[in-house]
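The values are calculated or read from the model by the stated rules, or taken from the named source; none is laboratory data. What you see is a predicted model, and the numbers here were worked out from it, not measured in a lab. Backbone-built Cβ (ideal geometry, glycine too); neighbour counts: all protein chains shown. Side chains are part of the model used for accessible areas, which takes the heavy atoms of the whole protein and leaves out ligands, DNA and RNA. Shrake-Rupley method; radii C 1.70, N 1.55, O 1.52, S 1.80 Å.
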Amino acid sequence: GGNSMAPTNEPLILRMRQLATFIGLSRSKIYEMLNESSERYDPDFPKQIRLGASAVGWDKSEVLAWLEKRRQQRE
């Protein structure tokens, strides 16, 4: 049987730089989507995961789900 799981070398956590490249938005736009007081705030956008004292990342599967939701809203 074929295993449909992602290869182990694929990162499951995206750092900010990777996230920006992955979804095609600038870091400032991403921060605006995360900022509840911004008019660009997106309550559906995945929240950061704290990886360490100063490091944060995003769960790739959550980001993919958010992208899919955006795509469906567009159609």
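For Arg50, the requirement of being among the basic types (Lys, Arg), at pLDDT 90 or above, open to solvent by 80 Å² or more (accessible area, probe 1.4 Å) and in contact with a strand residue (DSSP E or B) (Cβ under 8 Å, 6 or more places away or on another chain) is met. Helices (runs of 4 or more DSSP H) fully within the stretch 8-75 that include at least 1 residues being free of Cβ contacts under 8 Å to residues at least 12 places away in the same chain and acidic (Asp, Glu): 27-34, 60-74.
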